[in-house]
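Here is the structure we will look at, set down as structure tokens.
The values are calculated or read from the model by the stated rules, or taken from the named source; none is laboratory data. If you're wondering where the values come from, they're calculated on a predicted model, not measured in any experiment. Here the Cβ positions follow ideal geometry from the backbone for every residue, glycine too, while neighbour counts run over all protein chains shown.
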């Protein structure tokens with residue numbers, strides 16, 4: 001633990017230098033990061049809809065309700081605009097490139113060596129926070145709130161006692177605003193109502209959810225024996241770490257609102273925040289956020305989940321299916337030549353990676369019909385795309401790419 005804290009402390013000292021150098025002198029960045037390939041002026045777009053969490057928001061819906069530029073009519077005209085190389089570790093690294101978060105015209109991406117901020121329109125590097133020893137840290141969990149980039153990071157040298165830190169970086173400059181070393185690893189992180197929530201468990205640290213104030217990192221509350229899930233409208237859904245059952249607590253105070261003995265995994269909230277989706281060993285279950293009562297249940301699949309206002313999308317063997325959000329009834333199914341990944345909904349479209357070397361899957365959200373061949377995006381491993389402000393972003397190995405309508 002002491003070694004982990006020392007490494008993180010060194011990294012925190014380095015971030016100010018890296019941030020100021022990169023911001024003041026683009027040449028200080030690696031050539032690939034500083035000089036995006038095939039960059040061109042981006043098409044005009046509306047005010048960007050921020051994508052502040054990996055799943056769009058703290059509800060993990062993977063649905064952007066504000067996207068309208070890229071839609072079923074324009075998708076075939078979407079083309080490559082730029083690519084930016086991401087820093088690579090000189091040796092083995094426990095961290096890897098992540099799909100970007102989007103906020104205030106910036107993209108925030110974890111990579112093999114740390115975390116970087118890039119201009120959303122061009123891909124140019126703004127600043128980079130570099131770990132002191134890239135091989136010692138797992139891929140960080142990120143969220144953006146109140147002009148801060150929140151990051152939860154754990155060590156990867158020890159499974160029994162990996163250690164962890166929650167930190168806040170200035171989103172514009174990369175300067176560290178605060179950090180908290182509270183012992184346990186960070187397995188997830190989200191922000192709602194000005195509170196950053198993290199969880200984790202290891203052999204040395206029993207499971208617990210902890211909540212800190214976003215502005216200064218001051219502890220708000222701790223809930224032992226649970227792991228965090230999703231949050232919507234100030235209700236945080238958590239699940240038991242050592243058994244079945246979920247509970248809703250106030251994200252600001254930790255006060256329990258209700259609990260139910262069902263559910264082993266938390267999937268998502270609805271965009272309106274009035275329902276939660278959870279799974280147990282045999283069912284996907286829709287619960288009322290107000291009291292936890294069951295709205296509907298259907299047979300469960302080992303699947304990634306996405307949700308818009310009308311439908312629940314889930315990956316199935318060699319495809320994606322949509323369920324009616326009101327009652328769980330199957331609305332449509334779409335088949336691919338390989339297994340589908342995380343569904344992402346935006347602008348009336350559903351996107352998913354497809355394995356077996358297949359291109360990105362692009363479907364009409366209402367009907368499940370193929371909306372585009374997706375060949376312009378090529379193959380995407382098991383990652384997901386981010387669609388925001390008229391641009392489609394993706395990470396492919398150690399590069400960040402952007403696509404816009406022609």
| request: Report yes if some residue within region 269-277 is closer than 30 Å to residue 203 by Cβ, in contact with a strand residue (DSSP E or B) (Cβ under 7 Å, 6 or more places away or on another chain), part of a loop (DSSP other than H, G, I, E, B) and at pLDDT 95 or above; otherwise report no. | output: no
| request: Output the number of residues of region 353-374 satisfying the condition of being assigned to a strand (DSSP E or B) and closer than 16 Å to residue 72 by Cα. | output: 7
| request: Please find, within region 236-260, the residue that is farthest from residue 196 (Cα to Cα) out of those that are part of a loop (DSSP other than H, G, I, E, B) and without any contact (Cβ under 8 Å) to a residue 24 or more places away in the chain. | output: 243
| message | Just to confirm my filter: which strands (runs of 3 or more DSSP E) fall fully inside region 180-230 and include at least 3 residues that are out of contact with any strand residue (DSSP E or B) (no Cβ under 6 Å at 6 or more places or on another chain) and closer than 20 Å to residue 256 by Cβ? | response | none
| message | As an exercise: evaluate residue 94 against (1) within 27 Å of residue 360 (Cα to Cα); (2) surrounded by fewer than 24 Cβ atoms within 10 Å (Cβ to Cβ); (3) at pLDDT 95 or above and give the number of the one condition it does not meet. | response | (3)
| message | Can you confirm whether residue 126 is under 18 Å from residue 175 (Cβ atoms), surrounded by fewer than 24 Cβ atoms within 10 Å (Cβ to Cβ), at pLDDT 95 or above and more than 20 Å from the chain's Cα centre (by Cα)? | response | yes
| Using beta carbons and a limit of 7 Å, which pairs, at least six apart or on different chains, have the first residue in region 285-307 and at positive phi and touching a residue at least 12 places away in the same chain (Cβ under 8 Å) and the second one buried (at least 21 other Cβ atoms within 10 Å of the Cβ) and part of a strand (DSSP E or B)? | 292/248
| note | Screening 81, 119, 106 for residues that are buried (at least 20 other Cβ atoms within 10 Å of the Cβ), out of contact with any helix residue (DSSP H, G or I) (no Cβ under 9 Å at 6 or more places or on another chain) and more than 23 Å from residue 360 (Cβ to Cβ) leaves only 106
| Boolean, residue 342 is under 18 Å from residue 309 (Cα atoms) and touching a residue at least 40 places away in the same chain (Cβ under 8 Å) | yes
| task | Name the one entry in 201, 209, 222 that is over 28 Å from residue 105 (Cα atoms) and at pLDDT below 95. | result | 201
| field | Residues of region 330-352 satisfying the condition of being farther than 18 Å from residue 268 by Cβ and in a loop (DSSP other than H, G, I, E, B) | value | 336, 337, 338, 339, 347, 348
| task | Would you check which residues across region 375-399 are assigned to a strand (DSSP E or B) and closer than 20 Å to residue 67 by Cα and list them? | result | 386, 387, 388, 391, 392, 393, 394, 395
| Matching residues, region 318-327, being surrounded by fewer than 22 Cβ atoms within 10 Å (Cβ to Cβ) and outside any strand (DSSP E or B) | 318, 326, 327
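Residue-wise test of (1) buried (at least 24 other Cβ atoms within 10 Å of the Cβ); (2) more than 27 Å from residue 84 (Cβ to Cβ); (3) modelled with pLDDT under 95; (4) in contact with a strand residue (DSSP E or B) (Cβ under 9 Å, 6 or more places away or on another chain).
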position: 307; (1), (2), (3), (4): yes, yes, no, yes
position: 316; (1), (2), (3), (4): no, yes, yes, yes
position: 329; (1), (2), (3), (4): no, yes, no, yes
position: 339; (1), (2), (3), (4): no, yes, yes, yes
position: 349; (1), (2), (3), (4): no, no, no, yes
position: 358; (1), (2), (3), (4): no, no, yes, no
position: 388; (1), (2), (3), (4): yes, no, no, yes
position: 404; (1), (2), (3), (4): yes, no, no, yes
